[in-house]
Amino acid sequence: MGTQLEINRRTDAAAQAPSPKNGKGSERNRREALQGVTFMLPTLLLLFTFTLLPIFYSLFLSFTRVNLFGGIDFQWVGFTNYVNAWNDDRVWTALNNTFRYALFVVPIQTAVALLMAAVLNSGIRFQNTFRTIYFLPTLTSSSALTMIFMFLFSLNGPINNLLVNFGLLEAPVNFINETDFALATIMVMNIWSTVPFFMTIYLAGLQDIPRSLYEAASLDGANAWQKLMKITVPNLTPVTNYVILMGIIGCFQLFDQAYIISGGTGGPNNATLTFSLIIYQYAFQTIGTMGYASALAIILTLIIFTVSMLARRLNKEESNY
Amino acid sequence: MKKRKWPRVLLYVILVSYALITMYPFLWAVLASFKPYSEIVAGGLTLWPENPTLANYQHIFTNDPLFPRWIMNSFFIATVGTIVNVIFNTMAGYSLARLRFPGRNYLFLLILAVMMVPGQILLIPNYLIMRSLGILDTYAALIVPGAINFAYIFLMRQFFINFPREVEEAAQVDGLNRFQTFWRIVFPMAKASVATQAVFVFLGFWNEFLKPLLYITSPEKYTLTLGLQSFQSQNATQWNYIMAASVVSIIPIIILYILLNKYFMQGLRIGGDK
Amino acid sequence: MNKKRLSLSVLMLSSLIFAAACGGNDEAQVASDPSELEGKEITVGTWKGTDAEVKAFDELLAAFTEETGINVKKKVYNDYQTQLQTDLVGGTAPDVFYVDAFLAPELSKQGVLEPLDQYAEQADKDLSDFYEPAINAFKSDDQLFGLPKDYSTLGLYYNKRLIEEAGFTPDDIPTEMEQLPAFLADLKEQLPSGVVPAITTSELARHMFVLQSGGTDVVSDDRKAVLSQPDQLAALQPLVDAYQDKLVQRPADLGQGWAGDSFGAERAAIMIEGNWAISHIEQNFPDVEMGTKEVPTIGGNSGSMMFTVSYSLNSDSDEKAAGWEFINYATSQDGMKIWSEGAGVLPSLKSIAEELNLQDDELKAPFVAAGAYATPWQKGDALSIVAREYNNLLPAALTGDMTLEEAMKRAEEAANKDIETQLQ
């Protein structure tokens, strides 16, 4: 934990760099602290009641075997649930799937979102029209989407037709039901449906970059690519941090598509078994295993936290030179 | 000033092809709402309905007399929820980015961490809390716990980190206190990000399904998503109704998006724009 | 693993979250005089069915209120499993609710269902009129935890037009499973391209009777998953072969969500499905001419699956007597008739099936017949885990990634490990 806090402080140092703080006396600091807490008050209150309390409750359940129905029937089992998770092959498979998934999806969706946002912001014609069209996937209901994708990727579907016609495939592939392809299909679906959200975020971020920077660069003879890499990307670092972190959280918590495609089993042969799916299985599909589900949820939280902090550090360092 | 330009043609090719990829499933869903069930599931990927029909819409509008009520409920909840969210999230994001107070970094990390807890596990404890507070089956059950959103607090923090300090300093020189500065200067200048946040928060409330499902039991308090869900029966999904229902439910979002459109591309352009 | 109750202090910590625990009262609370119950109100938890079912249910409620003076509030679940569990934990569950036989053992083990034996005894309820597999699905440890409101079975559907245009008659469809692949192969030759001979959903809920046809149950008496015994593999292998020869496909292969849609869209000539597909096809695919038969026999024995749902009494209910009155009425001859006639479902009472002449109903007869021999979809509290692993690994065998034996061994192993660590 210690190192992660340090990373965070270092990240935040950038934010505070131009602050006129030194030598202003403690009265001012005290007032600012009070203002800071006041601004946070609604958040703190709701955070405690509706998030921390349930998390503590789950943390507590994770050390028990529990029957939540009717009366209270806890059985304190110490770290048994955590030990079981360590010995559970399915957990490792899910972890492996989830990591592969995130490693593929996060960089692609971030890059595509940034690129599309930059293009949209480059003063092209029909900017508003394109932006509105690109926003549409966020509006399409997820059940309708899943159904459309099932057609698109089915044996007689257009994706197969296209690939076979271009000679990329010899015979149609059953994308959704074959062990080697099921996860990849979900990846494509997910990228398609999350890019618009992140692109919109990037667009908002782009509005905050002063025009003068680009004009100065133009005077120096920089081309579009150079401007993108030297001005846009570095200035968007906080937004990129956001996009990457939210992407990681989304990937590690992937549930909907995996659930729908596999009917809740994580099949074929565990190919679409994700961590969240396992948690759901023990929380709601088998009765009386809420303790184990809670332990898995705590483990997943720690994993996402670690991965996110590593990613944050990487991104920070890359854009620092 | 325009020395070198993007290769425009290539640019438009990319833009148009991406637009097609994006449009296709959306259009498919919209047009499917005018098809009879048999045509939808036949696996035909033709967009245009062979036997166009309004029967699906007729069914969802007339099946339940409470339908207009559900729309009102959804509107009320999403509107109130969005206003509260935008204020609270922006305040919190601003505080985390700009105001120094003890424990701020820990609090920020905590907010990051709680976003990472898988939601499935919090359903039951949250339900128990709602019950203890006595707000089950009320609008409050949907609005109060959702009055803040960690993802957008985080987003606003990221935006405010790059916010030019000179603006606030100038405001303070003019004698505005912190709250006045926030309301009169910072908030209006963050229009682009606030509008973005507002659209997605509204979308979130409007499409929220699990919470109304668990917390609302009286049909007259149903939200639209919950009401529309009742077209689904245990054994088979009536895709035709689902498609029509989802078209009906996205119309308000599109209207909101168009209304807020001008704010999206209008952030602070310090310096060069004057 | 020390089995000790938690100290009071820890319980206090979570006391905000918990209200009172339930008080256990083992006595059946049958009202000595039914008129005492007049004016009471109970809640009945259901899930959403077809439009016809909704209408029939409302009629049933009205008739019940008229008969007894007890008012009923409906609580309709959209996501039954999640919502019911949340309700049960929160103490907000209805007095009477639907229980899928599949879940009954898990729920009764957790003590949330009231045993009905005493109620039935005091009310002189005739339990012998229920189809035996249906009522047995709700018995565990010699106690009865629900009375079946109706049931469904599997049968064979065929598309008359496709069969006839291929030059066959419905009578050519074999009545023995052993001859089915050969027939499907002949049929395949004659069918237009893009139409598969047969379609079926590949999951344990549809296959359990096949796996058990050699006499080996999928869950043993000591609660272990048993999926890879030679007789089980032998019974299942023909399906795998037929799949690989493209004689049988799954709906997802064709891009549909379930077999009823593939069949309705005329992408498949034959399917094995539950009787719920009848109303679905009639409503959504009015042009399709279908016929039904019993599932072909395996080794000369008739077989099918039975899916049944009960009305069960919440053990935490304050209105158990009134709740029982509802269960009693809904499963009486009067109530059952209103329900099954209106909803078009199969009544769980033999007498009503006869009264409605369902054995002569052209489409429903094969499903009614199966009521006598079908295997209930229920096998104790380990079944959800066993089914999960079976459904997870069978596709790997179907597509040829693994042999059937490998896949089933693996499913068995994974399920057993999970049963051992997770179920007490």
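The values are calculated or read from the model by the stated rules, or taken from the named source; none is laboratory data. All of these numbers come straight from a predicted model, not from anything done at the bench. Reconstructed Cβ throughout: ideal geometry from the backbone, glycine too, with neighbour counts over all protein chains shown.
What about residue C:269, is it closer than 12 Å to residue C:199 by Cα, of a type in the set (A, V, I, L, M, F, W, C), under 23 Å from the mean Cα position of the chain (by Cα) and crowded, with 22+ Cβ neighbours inside 10 Å?
Values: closer than 12 Å to residue C:199 by Cα: yes; of a type in the set (A, V, I, L, M, F, W, C): yes; under 23 Å from the mean Cα position of the chain (by Cα): no; crowded, with 22+ Cβ neighbours inside 10 Å: yes.
No, not satisfied.
I need every pair where a residue in the range B:140-155 that is more than 8 Å from chain A (Cβ to nearest Cβ) has its Cβ under 8 Å from the Cβ of a residue that is in a loop (DSSP other than H, G, I, E, B), sequence separation at least 6 or different chains.
Pairs that qualify, where the first residue is more than 8 Å from chain A (Cβ to nearest Cβ) and the partner is in a loop (DSSP other than H, G, I, E, B), are B:141/B:135; B:141/B:216; B:142/B:208; B:142/B:216; B:142/B:223; B:146/B:208.
Are there any pairs with C-beta distances below 6 angstrom linking a residue in the range A:210-224 that is facing chain B (nearest Cβ under 7 Å) to a residue that is among the small types (Gly, Ala, Ser), with the two at least 6 apart or on different chains, and if so which?
Close Cβ pairs satisfying both conditions: A:210/B:271; A:211/B:272; A:212/B:271; A:212/B:272; A:215/B:272.
Within the range C:372-410, which residues are among the hydroxyl-bearing types (Ser, Thr, Tyr) and within 9 Å of chain A (Cβ to nearest Cβ)? First the steps, then the outcome.
First, the residues of the range C:372-410 that are among the hydroxyl-bearing types (Ser, Thr, Tyr): C:373, C:375, C:384, C:390, C:399, C:403.
Residues satisfying the conditions are C:384, C:390, C:399.
Residues of the range C:88-121 being surrounded by 23 or more Cβ atoms within 10 Å (Cβ to Cβ) and of a type in the set (D, E, K, R), which ones?
Of everything in the range C:88-121, those that are surrounded by 23 or more Cβ atoms within 10 Å (Cβ to Cβ) and of a type in the set (D, E, K, R) turn out to be C:95, C:114.
Across the range A:133-175, what is the total count of residues that are free of Cβ contacts under 8 Å to residues at least 12 places away in the same chain, more than 7 Å from every other protein chain (Cβ to nearest Cβ) and either touching a strand residue (DSSP E or B) at 6+ places or on another chain (Cβ under 6 Å) or surrounded by fewer than 18 Cβ atoms within 10 Å (Cβ to Cβ) (or both)?
Total meeting the criteria: 11.
For the range B:107-119, check the following and say yes or no: at least one residue is of a type outside the set (A, V, I, L, M), out of contact with any His (no Cβ under 6 Å at 6 or more places or on another chain) and modelled with pLDDT of 90 or more. Write out each step before concluding.
Residues of the range B:107-119 of a type outside the set (A, V, I, L, M): B:108, B:118-119.
If we keep only those that are out of contact with any His (no Cβ under 6 Å at 6 or more places or on another chain) too, we end up with B:108, B:118-119.
In the following step, the residues that additionally are modelled with pLDDT of 90 or more were identified as B:108, B:118.
Within the range B:107-119, one or more residues are of a type outside the set (A, V, I, L, M), out of contact with any His (no Cβ under 6 Å at 6 or more places or on another chain) and modelled with pLDDT of 90 or more.
So is residue C:55 surrounded by fewer than 16 Cβ atoms within 10 Å (Cβ to Cβ), farther than 20 Å from residue C:100 by Cα and within 14 Å of chain B (Cβ to nearest Cβ) or not? Quick ask: steps written out before the conclusion?
Details: surrounded by fewer than 16 Cβ atoms within 10 Å (Cβ to Cβ): yes; farther than 20 Å from residue C:100 by Cα: yes; within 14 Å of chain B (Cβ to nearest Cβ): yes.
Considered against the rule, which asks whether it is surrounded by fewer than 16 Cβ atoms within 10 Å (Cβ to Cβ), farther than 20 Å from residue C:100 by Cα and within 14 Å of chain B (Cβ to nearest Cβ), residue C:55 comes out as yes.
Might you let me know whether the range A:67-76 holds any residue that is within 30 Å of residue B:132 (Cα to Cα) and more than 7 Å from every other protein chain (Cβ to nearest Cβ)?
Step one: filter the range A:67-76 for residues within 30 Å of residue B:132 (Cα to Cα), giving A:67-76.
Pick out the ones that are also more than 7 Å from every other protein chain (Cβ to nearest Cβ) and you get A:73.
Yes, the range A:67-76 has at least one match.
Scan the range B:194-212 for residues that are small (Gly, Ala, Ser) and either in contact with a Ser or Thr (Cβ under 7 Å, 6 or more places away or on another chain) or more than 17 Å from residue B:75 (Cβ to Cβ) (or both) and jot them down. Walk me through how you get there before you give the answer.
Just the residues of the range B:194-212 that are small (Gly, Ala, Ser), to begin with: B:195, B:198, B:204.
Residues satisfying the conditions are B:195, B:198.
Quick check: anything in the range C:357-367 surrounded by 22 or more Cβ atoms within 10 Å (Cβ to Cβ), of a type outside the set (D, E, K, R), under 24 Å from residue C:157 (Cα atoms) and in contact with a Phe, Trp or Tyr (Cβ under 6 Å, 6 or more places away or on another chain)?
no
Can you confirm whether the range C:108-119 contains a residue that is under 29 Å from residue A:67 (Cβ atoms) and assigned to a strand (DSSP E or B)? Explain how you work it out, then say what you get.
Just the residues of the range C:108-119 that are under 29 Å from residue A:67 (Cβ atoms), to begin with: C:108-119.
Narrowing further to those that are assigned to a strand (DSSP E or B): C:113.
Among the residues of the range C:108-119, at least one is under 29 Å from residue A:67 (Cβ atoms) and assigned to a strand (DSSP E or B), which makes the answer yes.
Checking residue A:221 against (1) closer than 24 Å to residue C:397 by Cα; (2) not in a helix (DSSP H, G or I), which test does it fail?
Among (1) closer than 24 Å to residue C:397 by Cα; (2) not in a helix (DSSP H, G or I), the lone unmet condition for residue A:221 is (1).
So in the range B:27-38, with the set limited to residues that are buried (at least 21 other Cβ atoms within 10 Å of the Cβ) and outside any loop (DSSP other than H, G, I, E, B), which one is farthest from the other protein chains (Cβ to nearest Cβ)?
For the range B:27-38, the residue satisfying everything is B:32.
Check every one of the strands (runs of 3 or more DSSP E) wholly within the range C:255-340 and list those with 2 or more residues that are assigned by TED's automatic domain parsing to the domain that holds residue C:45 and farther than 24 Å from residue C:362 by Cα.
On the way: elements: C:268-274, C:290-293, C:305-313.
Passing ranges, in order: C:305-313.
Just the residues that are surrounded by fewer than 24 Cβ atoms within 10 Å (Cβ to Cβ) and either more than 9 Å from chain B (Cβ to nearest Cβ) or polar (S, T, N, Q) (or both), please, taken from the range A:292-307.
We begin by selecting, within the range A:292-307, every residue surrounded by fewer than 24 Cβ atoms within 10 Å (Cβ to Cβ); these are A:298-299, A:301-303, A:305-307.
Within the range A:292-307, A:299, A:301, A:306, A:307 qualify.
Output yes when any residue across the range A:190-199 is more than 11 Å from every other protein chain (Cβ to nearest Cβ) and farther than 18 Å from residue A:104 by Cα, and no when none is.
Scanning the range A:190-199, I find no residue that is more than 11 Å from every other protein chain (Cβ to nearest Cβ) and farther than 18 Å from residue A:104 by Cα, so the answer is no.
Residue check, residue B:158 against (1) more than 7 Å from chain A (Cβ to nearest Cβ); (2) polar (S, T, N, Q); (3) buried (at least 19 other Cβ atoms within 10 Å of the Cβ), all met but one. Which one?
Looking at each condition in turn, residue B:158 falls short on (1).
Does residue A:202 fit the bill of being more than 8 Å from chain B (Cβ to nearest Cβ), more than 26 Å from residue B:41 (Cβ to Cβ) and not charged (D, E, K, R)?
Working: more than 8 Å from chain B (Cβ to nearest Cβ): yes; more than 26 Å from residue B:41 (Cβ to Cβ): yes; not charged (D, E, K, R): yes.
Yes.
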